[in-house]
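This report concerns only the one structure given below.
Read-outs: derived from the displayed coordinates by stated rules, not from any lab. Just so it is clear, the structure is predicted and the values come from calculations on it, not from any experiment. Cβ atoms come from the backbone with ideal geometry, glycine included; neighbour counts cover every protein chain shown.
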Amino acid sequence: MTQTSTDTLRPIGSLCRDSGVPTRTVAKATAIEGAGIHSGMTCRVRIQPRNAGEGIAFTRAGRNPVPATWQFANAEASDRRTVIIGADGERFEQIEHLMAALYALGISDALVEQEGPEVPFLGGGSREYMDALRQAGVVENGGQFPVLHIEQTASLEDGGALLTATPHDGLFLSAFVEFPGTVVGNMGFTIGINPENFYDQVSQARTFAVARDIEALRARGLARGGNLQNAVVFDETRYHNESLHFPDEVARHKIIDLLGDLALLGCGLNGHFWAWRAGHRSHVLFAQKIARECRLDP
Ligand SMILES: [Zn+2]
């Protein structure tokens with residue numbers, strides 16, 4: 001498809017600040033504890049209310065909060081998990097499943113106080129976070145959440161990954177995985193994002209690993225808190241888990257990862273986002289490309 005010169009001059013999307021979408025936060029603080037997937041150490045987060053427009057940010061031991069946004073996301077560090085790094089080098093890792101839960105519930109403002117190297121992994125998806133946040137209460141806090149409307153097709157290729165955004169009313173996500181020669185093979189899942197859809201169809205989908213990669217991951221200090229309760233493990237012929245939450249659980253988990261990383265844009269999203277063979281690094285690069293081309297800088 002050839003683009004006309006006018007198309008190339010038009011931004012791929014525009015931010016509507018007068019969106020009519022309310023900003024939301026938690027009614028009260030809620031704490032969650034559990035092992036980190038990579039470190040295996042006990043980690044803890046305390047999610048606290050924040051004022052309208054302050055956004056989602058992570059902090060540790062009362063230090064300066066680091067916004068969970070594309071400016072602080074580090075694509076190079078985002079290998080098997082999403083990492084934000086503050087100006088002083090403070091790192092927050094494995095933030096994506098919590099970020100997806102916050103976005104799915106429409107929570108635009110919250111301060112996450114973290115203890116330990118990473119966000120607790122819990123069941124391997126977003127469900128426990130959604131339950132805890134709902135139990136704490138999700139309340140409007142008086143502002144309007146800006147919404148980014150995708151108006152032109154935008155794409156990014158990174159290694160074998162391809163990401164595309166196309167105009168759409170509402171937020172739709174499609175994720176496709178390819179593990180040729182394994183029991184997973186090619187798999188895809190598409191969903192229109194709202195709290196119920198995300199909770200019912202996706203939030204329980206666990207992270208996954210190919211069995212033969214696990215030893216190498218552990219040697220690199222990753223996946224040490226992983227087990228068959230919080231991760232889907234598969235090989236050429238079979239799943240190692242006794243049962244799956246969904247037959248296409250692997251593709252559904254990619255939806256959690258994609259939503260959690262797109263939430264780094266720090267605004268509501270209107271468009272259809274497609275991801276093929278993508279991972280956190282390419283998700284982060286795509287969010288950063290969209291943010292720069294749509295001039296989301298404050
Ligand atoms: Zn994940």
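Given only helices, namely DSSP H runs of n ≥ 4 each adding -39500 (n - 2.57), what is the per-residue ellipticity at 222 nm of the chain, to the nearest 500 deg cm²/dmol?
Counting only the DSSP helices, I get -5500 deg cm²/dmol.
What nm value, rounded to one decimal, do you get for the distance between Asp88 and Thr190 when each label is placed 7 Å out toward the C-beta?
Result for the modelled spin labels: 4.7 nm.
To the nearest 20 debye, what is the magnitude of the charge dipole of the chain about its Cα centre, counting +1 on the Cβ of each Lys and Arg and -1 on the Cβ of each Asp and Glu?
For the chain, the charge dipole is close to 400 debye.
Subtract the Cα-Cα distance of Glu215 and Arg295 from 0.36 nm times their separation in residues, and report this length gain in nm to one decimal.
The Glu215-Arg295 span can extend by a further 24.6 nm.
Rounded to whole Å and ordered largest first, report the semi-axes of the equivalent ellipsoid of the range 142-298 derived from its Cα gyration tensor (root of 5λ).
After diagonalising the Cα gyration tensor, the semi-axes are 29, 17, 15 Å.
Once the Cα gyration tensor of the range 69-220 is diagonalised, what are the square roots of 5 times its eigenvalues, in whole Å and ordered largest first, as equivalent ellipsoid semi-axes?
25, 22, 18
For the range 107-156 and the range 255-294, write down the distance between their C-alpha centroids in whole Å.
Comparing the Cα centres of the range 107-156 and the range 255-294, I get a distance of 14 Å.
Calculate one ³J(HN,Hα) per residue across the range 183-195 by plugging θ = phi - 60° into the Karplus curve 6.51 cos²θ - 1.76 cosθ + 1.60, and present them in order as whole Hz with x for glycine and proline.
Going residue by residue, I get 5, 6, x, 9, 8, x, 8, 10, 8, x, 7, 8, x Hz, with x marking Gly and Pro.
Answer with one residue from Gly40, Leu264, Thr164: the one whose Cα lies farthest towards the positive end of the charge dipole of the chain, charges on Cβ with Lys, Arg +1 and Asp, Glu -1.
Gly40
Choose one answer from Phe92, Phe234, Phe58: the residue with the largest mean-square fluctuation in a GNM of the chain with alpha-carbon springs under 10 Å.
Phe234
Let me see the P(r) profile for the range 47-118: every Cα-Cα distance counted, bins of 10 Å, each bin given as a percent of all pairs.
20, 58, 22, 0
Where in the chain is the longest stretch that carries no GluC sites (Glu not before Pro) classed as loop by DSSP and with at most 14 other Cβ atoms within 10 Å?
77-235
Can you tell me how much longer the chain between Glu76 and Gln135 gets when fully stretched, taken as 0.36 nm per residue apart minus their C-alpha distance, in nm with one decimal?
Net length gain for the segment: 17.7 nm.
Taking R0 as 41 Å, what's the FRET efficiency between Arg63 and Glu157 from their Cβ-Cβ distance, rounded to 0.05?
0.65
Quick one: plug the Kirkwood hydrodynamic radius of the chain (C-alpha pairs) into Stokes-Einstein at 10 °C, 1.306 mPa s, and report D in µm²/s.
This corresponds to a translational diffusion coefficient of 83 µm²/s.
List the pair-distance distribution P(r) of the range 13-145, using every Cα-Cα distance, as the percent of pairs falling in each 5 Å bin from 0 up to the bin containing the longest distance, rounded to whole percents.
Answer for the range 13-145: a P(r) of 2, 11, 21, 24, 21, 13, 6, 2, 0 percent.
List the residues, sorted by chain then number, that are 5 or more residues from Leu269 or on another chain and whose placed amide H is less than 5 Å from its amide H.
Sorted by chain and number, the residues that satisfy this are Leu148.
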